[in-house]
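One structure is given here, and the rest of the page talks about it.
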Amino acid sequence: MSLHAPRRRSALALGALALTAPIAAGLAGCGPNSRSGTSAASDGGAALRMTWWGSETRTALTTKVIDAYAARVPEVAITAEPAEFSAYWDKLATQTAARNAPDIIQMEEAYLAEYAERGALLDLSTTSLDTSGFSEGLAAAGVVGDAGQVGIRGGSNAPVMLANRSLFEAAGVDLPDDTTWTWDEFVEVAEAITAGSPEGTYGGTQLVTNPVVLRLWLRQHDAAIWRDGDLGFDEAAARDFFAFGERLLSSSGFAPGPAALEDAASPLEQSLMATGRQGLSVAWSNQAVAVSAALGEELALLRLPSAPGSAGDSRSWLKPGLFWSIAATSAAPDQAAAFLDVLLNDTEVASLLGVERGVPPNTEVREAVKAGLEGVELATVEFVEAVSGEVGPDPELAPQGGSVLESLLQRVGEGVVSGDADAASAASQLVEELRSAIA
């Protein structure tokens, strides 16, 4: 199961849709001196607007933070504007083009450069926002060229292989040593689970629609999705990736094409993984909570396999669960920054969010949050901490036009899974359309 598939984004709050047209037409007038849409009083008071996408749980937790801040700073009123993921980017693009964007914006890394390079986001280094308590290197992820620090990491997630312990045990298969296993061993483990399980239960499912796996695969083969503002891989590298997908299709360890496509289109609660019919699945570390809840038991969190067979060479990375940005058109950037400072650095307020948006970047906040966790929530924090010393540099942010990657990979990868395309044609299509998108 690919938990990163677009059909599950609304439930899991991941990924990004293609940037819509209104932003391209209306951002020319955006910038620090082009403020509108929010009032700021000379006495420090302000009426701020804050927007985010996500589940009902995310909205409930964020509302608690807003209420706590209102109790401390009653002269600043914050109006919440949550949205379903499917509508979020269309709405934000329209608001931004009209110079009426919310002051505080939850931003996805696939879009950060696009909005920043069009002047829509404030350079946070010009505000009082403090990142001195962040773990080393975590603040730099939101820097975009000459635009500066346009986003600040709201949490960290790591790629993870979720494992159903009960299925492993029932099939008589040991959990792999995730510090040494390779992609070949991943296939062998999946095949052993299928062999020891009832019909209709699989070791894993197809991975070629999953951008997490694509990025890690490329990194492990000395390539990248983006490099120096351009495509960081060629057709040969893409062909190798899709050929691995063809190998999974021919293996007994993985759901066959039709079952895999049906699984990808199913709600999380009805998926193979959540219904106990799949042993292994690639996800983000914070997704372990939702999948475990749907399954009714705690999943094990494993490192993804590596090509060299060593955790130190896995080339994994810590993904910002999201970024927080301030609109360049905000009339109250100082008040917006003051709120974000509390949201990220105050142990009492930040702890209200837990790890729903990822592991907090501030070390003191992280320890405070960790002290109140147990079960799979605690396991997600411990997993991110365990892999932090093994990760490579942050991936380069997508250039303008690059936000099409996920939807494009989904479409091209489904062609491979369905048997309508082979590895060579899929690679050619992926490279050609990505180059065209960022041209």
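Here are the numbers for this structure:
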quantity: The lone exception for residue 272 - which of (1) open to solvent by 10 Å² or more (accessible area, probe 1.4 Å); (2) touching a Ser or Thr at 6+ places or on another chain (Cβ under 7 Å); (3) closer than 17 Å to residue 213 by Cα it fails; calculated: (3)
quantity: Residue match in segment 104-122 (condition: out of contact with any Asp or Glu (no Cβ under 9 Å at 6 or more places or on another chain), open to solvent by 50 Å² or more (accessible area, probe 1.4 Å) and farther than 24 Å from residue 397 by Cα); calculated: no
quantity: Residues (among the polar types (S, T, N, Q) and open to solvent by less than 60 Å² (accessible area, probe 1.4 Å)) located in segment 123-146; calculated: 127, 131, 135
quantity: Residues of segment 165-180 satisfying the condition of being among the polar types (S, T, N, Q) and farther than 12 Å from residue 300 by Cβ; calculated: 179, 180
quantity: Residue within segment 193-210 that is assigned to a helix (DSSP H, G or I), out of contact with any Ser or Thr (no Cβ under 6 Å at 6 or more places or on another chain) and farther than 26 Å from residue 409 by Cα present; calculated: yes
quantity: Scan of segment 230-253 for residues that are part of a loop (DSSP other than H, G, I, E, B) and in contact with a Gly (Cβ under 9 Å, 6 or more places away or on another chain), ordered by number; calculated: 251, 252, 253
quantity: Some residue of segment 289-303 being open to solvent by 10 Å² or more (accessible area, probe 1.4 Å) and under 29 Å from residue 48 (Cβ atoms); calculated: no
quantity: Scan of segment 323-342 for residues that are open to solvent by less than 10 Å² (accessible area, probe 1.4 Å) and in a helix (DSSP H, G or I), ordered by number; calculated: 336, 337, 339, 340
quantity: Residue count, segment 147-160 (criterion: surrounded by fewer than 21 Cβ atoms within 10 Å (Cβ to Cβ) and over 21 Å from residue 104 (Cα atoms)); calculated: 0
quantity: Residue in segment 149-163 that is assigned to a helix (DSSP H, G or I) and in contact with a strand residue (DSSP E or B) (Cβ under 8 Å, 6 or more places away or on another chain) present; calculated: no
quantity: Helices (runs of 4 or more DSSP H) wholly inside segment 356-439 that include at least 1 residues being more than 27 Å from residue 314 (Cα to Cα) and either open to solvent by less than 10 Å² (accessible area, probe 1.4 Å) or modelled with pLDDT of 95 or more (or both); calculated: 363-371, 405-418, 423-438
quantity: Selection count, segment 181-193, where residues are open to solvent by 10 Å² or more (accessible area, probe 1.4 Å) and more than 25 Å from the chain's Cα centre (by Cα); calculated: 6
quantity: Single unsatisfied condition, residue 57 versus (1) under 24 Å from the mean Cα position of the chain (by Cα); (2) closer than 14 Å to residue 324 by Cβ; (3) of a type in the set (Ser, Thr, Tyr); calculated: (2)
quantity: Matching residues in segment 164-174 - criterion: being in a loop (DSSP other than H, G, I, E, B) and crowded, with 16+ Cβ neighbours inside 10 Å; calculated: 164, 173
quantity: Qualifying residues in segment 347-371 (those that are of a type in the set (Asp, Glu) and touching a residue at least 12 places away in the same chain (Cβ under 8 Å)) - the one nearest to residue 323 (Cα to Cα); calculated: 356
quantity: Output for segment 80-124, where each listed residue is over 10 Å from residue 325 (Cβ atoms), aliphatic (A, V, I, L, M) and not in a helix (DSSP H, G or I); calculated: 80, 83, 98
quantity: Pairs where the first residue, in segment 46-66, is open to solvent by 40 Å² or more (accessible area, probe 1.4 Å) and the second is part of a helix (DSSP H, G or I) and not acidic (Asp, Glu), C-beta under 8 Å, 6+ apart; calculated: 64/352
quantity: Residue match in segment 397-409 (condition: within 30 Å of residue 256 (Cα to Cα) and without any contact (Cβ under 8 Å) to a residue 40 or more places away in the chain); calculated: yes
quantity: Residue, nearest to residue 100 (Cα to Cα), within segment 304-317, restricted to residues that are open to solvent by less than 20 Å² (accessible area, probe 1.4 Å) and of a type in the set (A, V, I, L, M, F, W, C); calculated: 317
quantity: Segment 294-311 residues that are within 18 Å of residue 385 (Cα to Cα) and part of a helix (DSSP H, G or I), paired with ones that are at pLDDT 95 or above and not aliphatic (A, V, I, L, M) (beta carbon under 7 Å, 6 or more apart); calculated: 311/303
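The values are calculated or read from the model by the stated rules, or taken from the named source; none is laboratory data. Note that the coordinates shown come from a computational prediction; the quantities given were computed from them, not determined experimentally. Please note: Cβ atoms are built from the backbone with ideal geometry, for glycine as well, and neighbour counts cover all protein chains shown. Just the protein is used for accessible areas: all its heavy atoms, side chains included, with ligands, DNA and RNA removed. Shrake-Rupley method; radii C 1.70, N 1.55, O 1.52, S 1.80 Å.
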